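The values are calculated or read from the model by the stated rules, or taken from the named source; none is laboratory data. Since we're looking at a predicted model, the values are computed, not measured. Don't worry about glycine lacking a Cβ; one is built from the backbone with ideal geometry, like all the others, and counts go over all protein chains shown.
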Amino acid sequence: MGTIPRTARGRATRQRILDAATALISERGVAGTSLDDVREAAQASKSQLYLYFPDRDALLREVAESTCDSVIETQAETLAGFDSIDGIRRYLDATVALQVARAHPSGCPIASLAAQLADQDEQSRLILADGLDRWEEGLRAGLQAMAQRGELKADADPSTLATQSLALLQGGLLLARVRRDLSQLTLATDTVLALITASLQDS
């Protein structure tokens, strides 16, 4: 990872560089973003960039970590109620609404970076895998709470359901992005809801 500056001014400069890199990569992709592009967007000197990020890989790892943190922070706002069918329905609706609010379906930022970095840099892959693990943990925690209250069937495994749910959501987000068709995501969210509903007691 890059160097953390001691001064507030240094930390602000470092954050400006990281924010610029994250925005450019989100818009242009990793291959389409050079260090000169980042430096220009951040209005930073070459010496400042290399002071805080010793090489391009270090910057990309920071972008991966920042992206994961941002996604999980957004997820946390809607995952809080993922411990009841009504809460799960609200979460799934919010997932679709987030894509609706954008100019076009943009998919999952973590998955987008993973497609570009996972096979190129092992540290980046681990950072992105951890981001998905954190997302899945939020799903699992809600399902475990339902299981503890006896709302799920005895043979329903919250961990398996969480993995299945995340896989469906990721697939729906990818198809919606590539096909520019939100119905692909709504089909996935409907399937998640049906999967969990079928695991309820007396379903």
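Are any of the residues in segment 140-150 within 27 Å of Arg61 (Cα to Cα), in contact with a helix residue (DSSP H, G or I) (Cβ under 8 Å, 6 or more places away or on another chain) and at pLDDT 95 or above?
Among the residues of segment 140-150, at least one is within 27 Å of Arg61 (Cα to Cα), in contact with a helix residue (DSSP H, G or I) (Cβ under 8 Å, 6 or more places away or on another chain) and at pLDDT 95 or above, which makes the answer yes.
Within segment 67-168, considering only helices (runs of 4 or more DSSP H) that don't extend past its boundaries, which have at least 1 residues that are free of Cβ contacts under 8 Å to residues at least 24 places away in the same chain and under 26 Å from Leu18 (Cα atoms)?
Of the helices (runs of 4 or more DSSP H) lying wholly inside segment 67-168, those with at least 1 residues that are free of Cβ contacts under 8 Å to residues at least 24 places away in the same chain and under 26 Å from Leu18 (Cα atoms) span 109-117, 122-148.
Look through Ala20, Ala58, Ala8 and report the one residue that is surrounded by 12 or more Cβ atoms within 10 Å (Cβ to Cβ), among the small types (Gly, Ala, Ser) and over 23 Å from Glu122 (Cβ atoms).
It is Ala20.
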